[in-house]
1. Take the residues in the range 184-218 that are surrounded by fewer than 17 Cβ atoms within 10 Å (Cβ to Cβ) and of a type in the set (A, V, I, L, M), then tell me which one is nearest to Pro169 (Cα to Cα).
2. Might you let me know whether the range 49-61 holds any residue that is at pLDDT below 95, outside the structural domain of Ala161 (by TED's automatic domain parsing) and either touching a Cys at 6+ places or on another chain (Cβ under 7 Å) or loosely packed, with under 15 Cβ neighbours inside 10 Å (or both)?
3. Looking at (1) of a type in the set (A, V, I, L, M, F, W, C); (2) under 23 Å from Tyr72 (Cβ atoms); (3) outside any helix (DSSP H, G or I), which is the one condition that is false for Cys163?
4. Is there any pair with a first residue in the range 221-240 that is surrounded by fewer than 17 Cβ atoms within 10 Å (Cβ to Cβ) and a second that is in a loop (DSSP other than H, G, I, E, B) and modelled with pLDDT under 90 whose Cβ atoms are under 7 Å apart and which are 6 or more apart or on different chains, and what are they?
5. Can you tell me which of Ala124, Ala101 is closer than 21 Å to Ser22 by Cα, within 19 Å of the chain's Cα centre (by Cα) and either crowded, with 20+ Cβ neighbours inside 10 Å or touching a residue at least 24 places away in the same chain (Cβ under 8 Å) (or both)?
6. Report yes if Leu154 is over 21 Å from Val41 (Cα atoms) and either in contact (Cβ under 8 Å) with a residue 60 or more places away in the chain or not β-branched (Val, Ile, Thr) (or both), otherwise no.
7. Does Gly239 fit the bill of being at pLDDT below 95, within 30 Å of Leu18 (Cα to Cα) and of a type outside the set (A, V, I, L, M, F, W, C)?
8. For Ser126, only one of the following conditions fails: (1) of a type in the set (Ser, Thr, Tyr); (2) in the same structural domain as Glu87 (by TED's automatic domain parsing); (3) within 20 Å of Val42 (Cβ to Cβ); (4) in contact with a Leu (Cβ under 9 Å, 6 or more places away or on another chain). What is its number?
Amino acid sequence: MAQRRRRPVLPRDATRALDRWSTLADAGEVGVARAYDDQEVVARRGDPANACWYHATGALEVFQPGDDGRSYLARLLIAPNIICLKECLAGEASYLQTVRALERASLVCIERERALALLMANPALSLRTLVEVSRAFCGAARLESNRLHGTESLLANVVLAYCEACGEPWDGVVRMRVKRTQADLAECIGANERSVNRILTAWKAQGLVDKRDARMLVLDAERLAERVDDGARALVHRGDA
């Protein structure tokens with residue numbers, strides 16, 4: 001049985017000071033939030049890395065290019081998060097991943113110089129941000145080996161992650177609130193659409209999934225989870241920024 005991960009505990013003194021990006025955003029210290037619709041790009045890989053974002057509400061998809069030139073879904077982020085900060089801190093010239101909205105999300109753009117100034121002026125904020133970045137890095141590290149898993153395992157992991165991030169009860173099962181085509185799911189795992197179609201057809205015959213109005217239905221999440229190698233379910237990151 002996998003060990004339960006403990007949430008990091010910050011020193012008591014750190015909790016008394018300004019230590020959250022959400023507090024800054026609520027006070028109007030970082031800018032005005034903007035709403036993003038489903039699949040709208042927030043940051044695109046290769047664009048100049050001159051800002052980061054406070055992710056206030058909703059969820060985000062993070063896509064990473066693979067060694068074969070295809071992109072794949074690296075993480076699903078559930079607010080509150082601070083995104084694209086790593087490029088700003090490291091002095092990267094451009095963003096390393098593409099981030100886009102899942103269903104609907106609101107974010108506040110923070111210019112690089114402003115973000116660095118806020119971190120320097122608020123040690124407690126810097127510490128919590130370090131904890132958040134470390135949590136995200138650990139989750140990404142757990143997923144690295146998953147890229148070697150089979151197509152069915154990768155697809156099952158993605159479908160379950162979407163249902164966790166944007167699923168809703170529907171007639172006794174779970175339905176994804178967003179529409180995702182077979183081509184979309186193939187992009188998520190860096191596979192071809194034919195392979196995804198073959199797996200989904202088999203799953204439907206086995207009573208694991210179905211589709212209504214272009215929305216995926218998970219009929220038996222427990223059995224579908226058995227298709228995920230090593231029980232790896234680290235695609236979803238719940239922020240605490």
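The values are calculated or read from the model by the stated rules, or taken from the named source; none is laboratory data. Keep in mind that this is a model prediction, so the values were computed, not measured. Neighbour counts run over all protein chains shown; Cβ positions are idealised from the backbone, glycine included.
1. Selected residue: Ala214.
2. no
3. All conditions are met except number (3).
4. So the pair list comes out as Asp229/His149; Gly231/Ala2.
5. Answer to the selection: Ala101.
6. It is true that Leu154 is over 21 Å from Val41 (Cα atoms) and either in contact (Cβ under 8 Å) with a residue 60 or more places away in the chain or not β-branched (Val, Ile, Thr) (or both).
7. Yes, satisfied.
8. It is condition (3) that Ser126 fails.
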